[in-house]
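J.: Mind having a look at this structure? Questions to follow.
The values are calculated or read from the model by the stated rules, or taken from the named source; none is laboratory data. Since we're looking at a predicted model, the values are computed, not measured. We place every Cβ from the backbone using ideal geometry, glycine too, and count neighbours over all the protein chains shown.
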Amino acid sequence: MGVERNDHSIEVFNRGQAAQNRIQASIKIGESMSKSIKAALLSALLFPGIGHFYLKKPIPGTVLAVTAFAALYVLVSNALERAMQISDQILSGTVQPDPAAISQLLAQQPAGTEDTLLGIAPAALLTVWLIGIVGAFRAGRVHSKSDSTNG
């Protein structure tokens, strides 16, 4: 019994060491990653503008973040408004709580200004996100070049 317990303890210790080695390897990768790559990844994976803030470029970061927030606000507020309208219709009994009926209501296109905003918002969000990624990468390259010439 004592030998089995000791073997189990050694196995747990070895797993812990392996995990620690993987963490240290990933930290080394992060340290060797250039600022331009880090900034682009931050903008790509978190939110537009974050990479610019990482590079200490707050003005373009703020412009990108505010534009992306505005586009998201339009999309989310519209989705919530439509969901509330449909749920009110279901609760009042004018629409049956049937997936086909709900799908038909969701498929109806909004009209007027709302339609225009809903057409622009996704395109604006995608455009801002891509500009954020490319812009952060380019700003990181410029930042790295200025560091190497000054250092």
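J.: Tell me, yes or no, whether segment 129-138 has at least one residue that is over 20 Å from the mean Cα position of the chain (by Cα) and either farther than 30 Å from S34 by Cβ or at pLDDT 90 or above (or both).
T.: Within segment 129-138, the first condition is being over 20 Å from the mean Cα position of the chain (by Cα), and the residues that meet it are none.
Checked against the condition, which is being over 20 Å from the mean Cα position of the chain (by Cα) and either farther than 30 Å from S34 by Cβ or at pLDDT 90 or above (or both), segment 129-138 yields no hits at all.
J.: Next question, about the same structure. Would you confirm, using the coordinates I've provided, whether Q89 is of a type outside the set (S, T, Y) and closer than 27 Å to T67 by Cα?
T.: no
J.: Next question. Across segment 43-66, what is the total count of residues that are outside any loop (DSSP other than H, G, I, E, B) and surrounded by fewer than 22 Cβ atoms within 10 Å (Cβ to Cβ)?
T.: 12
J.: If you don't mind, there's one more thing I want to ask. Looking at the structure I just gave you, is L117 out of contact with any helix residue (DSSP H, G or I) (no Cβ under 9 Å at 6 or more places or on another chain) and closer than 29 Å to V63 by Cα? Write out each step before concluding.
T.: Working: out of contact with any helix residue (DSSP H, G or I) (no Cβ under 9 Å at 6 or more places or on another chain): no; closer than 29 Å to V63 by Cα: yes.
It is false that L117 is out of contact with any helix residue (DSSP H, G or I) (no Cβ under 9 Å at 6 or more places or on another chain) and closer than 29 Å to V63 by Cα.
J.: Residues being over 30 Å from P48 (Cβ atoms), of a type in the set (S, T, Y) and in a helix (DSSP H, G or I): count how many of those fall in segment 67-115.
T.: Adding up the residues that qualify gives 3.
J.: Surrounded by 14 or more Cβ atoms within 10 Å (Cβ to Cβ), out of contact with any Gly (no Cβ under 7 Å at 6 or more places or on another chain) and of a type in the set (D, E, K, R) - does that describe any residue in segment 79-102?
T.: Yes.
J.: Here is a follow-up. Modelled with pLDDT of 90 or more and touching a Ser or Thr at 6+ places or on another chain (Cβ under 9 Å): does that describe F69?
T.: no
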